[in-house]
Amino acid sequence: MSIFEYNGSALVAMVGKNCFAIASDRRLGVQLQTVATDFQRVFKIHDRLYIGLSGLATDAQTMYQKLVFRHKLYQLREERDMKPQTFASLVSALLYEKRFGPFFCQPVIAGLGDNDEPFICTMDCLGAKELAKDFVVSGTASESLYGACESMYKPDMEPEELFETISQALLSSVDRDCLSGWGGYVLLVYAALLTPTEVQEKILKGRMD
Amino acid sequence: MVKMTDLPTKGGFSFDLCTRNQMLLDKGVQMPPFRKTGTTIVGLVFQDGVVLGADTRATEGPIVADKNCEKIHFMAPNIYCCGAGTAADTEAVTDMVSSQLQLHRYATGRESRVVTALTLLKSHLFSYQGHVSAALVLGGVDVTGPHLQTVYPHGSTDTLPFATMGSGSLAAMSVFESKYREGLTREEGIELVAEAICAGIFNDLGSGSNVDVCVITKGQTEYLRNYQLPNPRTYISSKGYSFVKGQTVFLEQLLLLVSKLVHVEAIFQLRVDEWQYRINWGLVPCLC
């Protein structure tokens with residue numbers, strides 16, 4: 001049994017028009033037993049940058065704590081928030097540092113960069129970055145998620161449509177994976193000129209099996 | 001008191017989690033598959049310089065993780081390096097040597113030489129005894145002329161007129177062995193490299209998607225990203241999937257307004273008392 005299948009997870013991030021969405025499942029399990037149905041996998045780094053961590057839950061939480069620590073130090077030194085591209089390099093470096101004894105987690109990073117340009121990126125557990133322009137997936141349901149996103153994704157979606165697409169992709173993929181599911185959590189960030197940046201968090205109703 | 005392990009480390013590898021990971025392995029847990037670049041990477045020397053080529057597929061086990069990744073890495077303005085093997089290792093090692101070359105350029109005030117990059121790469125890979133799994137094709141043009149070298153994960157190198165590496169190397173080498181000759185022109189060189197990469201893309205399962213080409217000559221480098229796209233997506237339905245608003249049922253919703261609209265006017269002509277009036281009534285926009 002693989003170490004990534006110990007807790008079970010599903011994560012997906014998609015890019016739309018001036019917006020991005022990041023979604024995760026809510027199950028925490030110990031192999032085949034479910035221990036929690038409200039587990040948080042998507043964490044906020046700052047208002048315009050979020051990271052989802054799949055894989056072994058303890059490593060995901062440790063990784064998040066280390067990243068928040070490093071980001072706070074950065075904020076103190078630079079007196080501003082980190083850009084998503086810089087943050088992705090930081091995560092990659094922290095993961096590669098443990099090349100021969102890695103953290104068993106795969107991050108999905110989503111944020112708004114300069115000019116409100118959405119940025120998404122994923123990495124394997126060693127920090128090999130994959131910058132995508134459309135969607136990124138991670139977790140035990142990743143194979144189903146690849147298929148669902150590949151067919152459902154359209155470029156330049158508006159926020160409402162993006163929310164529907166990412167939710168349907170997530171729910172249909174976790175239905176085909178025993179280790180993830182038990183509801184969904186979607187976070188959508190939308191930025192446009194002359195309107196304040198909107199952040200919507202929604203808890204989805206899914207199959208509880 | 002902050003422990004030493006919590007502060008950002010000075011660089012290099014950290015082996016903190018090795019004991020824990022070994023314990024997990026002993027209990028029968030399998031190590032996860034790392035993202036590899038299945039890959040076909042090639043290089044050849046033509047009359048004016050060097051042409052490098054690579055496919056663009058990154059795999060994670062049997063799954064394609066990235067359909068259009070970049071495998072030709074920048075080392076110096078006149079030196080580029082194609083990487084095969086574990087993706088994190090090729091990226092990290094080429095980034096590291098690229099930074100070292102930049103520092104070396106600042107120290108010496110001269111253009112970098114390919115042998116410098118080669119020596120830095122091979123000594124790093126040898127010291128990790130092949131555990132840093134990066135197989136590289138290094139090519140560039142410096143004051144001593146055009147150079148093409150291959151670097152293996154254990155640290156050995158070869159200097160060749162034409163080279164292929166990766167899982168698709170046999171397919172690409174068959175093309176080179178039959179069609180390569182000395183004194184190729186630029187167009188012939190690019191065409192031959194593209195043909196060799198296509199052979200890898202179509203015949204090797206670990207390579208796929210598009211062809212990237214990089215042409216390095218004395219004083220000029222051209223990186224032709226996605227030079228050929230022989231695998232376009234033709235199966236997308238034009239209608240696509242459209243979901244009506246409200247199709248997804250959600251239990252809770254939280255809407256946050258992240259930043260207020262900052263509308264700052266330059267009010268220079270106000271008298272002091274009018275300014276005070278405005279502050280009292282909250283009409284002065286706050287900066288947040």
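The values are calculated or read from the model by the stated rules, or taken from the named source; none is laboratory data. Being a predicted model, the structure only gives us computed values, none of them experimental. Ideal geometry is used to build each Cβ from the backbone, glycine not excepted, and the neighbour counts take in all protein chains shown.
Observations on the structure shown:
- Taken together, the residues in the stretch A:124-175 that are aromatic (Phe, Trp, Tyr) and free of Cβ contacts under 8 Å to residues at least 12 places away in the same chain amount to 1.
- Restricting A:192, A:128, A:148 to those that are more than 7 Å from every other protein chain (Cβ to nearest Cβ) and farther than 29 Å from residue A:32 by Cα reduces the list to A:192.
- Checking each residue in the stretch B:186-241 for being under 23 Å from residue B:79 (Cβ atoms), aromatic (Phe, Trp, Tyr) and out of contact with any Phe, Trp or Tyr (no Cβ under 9 Å at 6 or more places or on another chain) picks out only B:227.
- If you go through the stretch A:13-38 and keep only what is touching a Lys or Arg at 6+ places or on another chain (Cβ under 7 Å) and at pLDDT 95 or above, you end up with A:15, A:24.
- The residues listed here are A:24, A:9; of these, the one that is among the hydroxyl-bearing types (Ser, Thr, Tyr), closer than 25 Å to residue A:116 by Cβ and away from chain B (no Cβ under 12 Å) is A:24.
Here's the yes/no breakdown for (1) more than 8 Å from chain B (Cβ to nearest Cβ); (2) in contact with a strand residue (DSSP E or B) (Cβ under 7 Å, 6 or more places away or on another chain); (3) surrounded by fewer than 21 Cβ atoms within 10 Å (Cβ to Cβ):
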position	(1), (2), (3)
A:76	yes, no, yes
A:81	yes, yes, yes
A:90	yes, no, yes
A:94	yes, no, yes
A:106	yes, yes, no
A:116	yes, yes, yes
A:138	yes, yes, no
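- Taken over the stretch A:60-74, the criterion of being buried (at least 22 other Cβ atoms within 10 Å of the Cβ) and within 12 Å of another protein chain (Cβ to nearest Cβ) is satisfied by A:63 alone.
- Output for the stretch B:32-57, where each listed residue is within 25 Å of residue B:151 (Cβ to Cβ) and facing chain A (nearest Cβ under 7 Å): B:34, B:35
- Sole exception among (1) more than 10 Å from chain B (Cβ to nearest Cβ); (2) in a helix (DSSP H, G or I); (3) of a type in the set (Asp, Glu) for residue A:143, by number: (1)
- Residue selected from the stretch A:151-189 under the condition closer than 12 Å to residue A:207 by Cβ and part of a loop (DSSP other than H, G, I, E, B), by the criterion nearest to the other protein chains (Cβ to nearest Cβ): A:183
- The residue pairs whose first member lies in the stretch B:91-115 and is in contact (Cβ under 8 Å) with a residue 60 or more places away in the chain and closer than 27 Å to residue A:131 by Cβ, whose second member is aromatic (Phe, Trp, Tyr) and in a helix (DSSP H, G or I), and whose beta carbons are closer than 9 Å, counting only pairs six or more residues apart or on different chains, do not exist in this structure.
- Condition check for residue B:129 on (1) free of Cβ contacts under 8 Å to residues at least 60 places away in the same chain; (2) at negative phi: one failure, at (2).
- Of all residues making up the stretch A:169-196, the number that are surrounded by fewer than 18 Cβ atoms within 10 Å (Cβ to Cβ) and not acidic (Asp, Glu): 8
- Members of the stretch B:82-118 found to be within 10 Å of the chain's Cα centre (by Cα) and closer than 20 Å to residue B:216 by Cα, listed by number: B:82, B:83, B:94, B:95
- In the stretch B:16-45, residue modelled with the highest pLDDT [restricted to those that are within 25 Å of the chain's Cα centre (by Cα) and not in a strand (DSSP E or B)]: B:40
- Number of residues in the stretch B:155-175 that are among the aliphatic types (A, V, I, L, M) and within 16 Å of residue B:83 (Cβ to Cβ) equals 3.
- Residues of the stretch B:200-245 classified as surrounded by fewer than 16 Cβ atoms within 10 Å (Cβ to Cβ), away from every other protein chain (no Cβ under 14 Å) and within 24 Å of residue B:139 (Cα to Cα), total: 6
- Checking each residue in the stretch B:65-84 for being out of contact with any helix residue (DSSP H, G or I) (no Cβ under 7 Å at 6 or more places or on another chain) and within 11 Å of chain A (Cβ to nearest Cβ) picks out B:65, B:66, B:67, B:68, B:69, B:70.
- Taken together, B:76, B:88, B:135 contain a single residue that is under 24 Å from residue B:38 (Cβ atoms) and in contact with a Leu (Cβ under 6 Å, 6 or more places away or on another chain), which is B:88.
- Scanning the stretch B:46-72 for residues that are without any contact (Cβ under 8 Å) to a residue 40 or more places away in the chain, in a strand (DSSP E or B) and either closer than 21 Å to residue B:173 by Cβ or not β-branched (Val, Ile, Thr) (or both) turns up B:58, B:60, B:65, B:66.
- Taking the stretch A:1-109 as the region of interest, the strands (runs of 3 or more DSSP E) fully inside it that hold 2 or more residues being over 21 Å from residue A:142 (Cβ atoms) are A:33-36, A:42-46.
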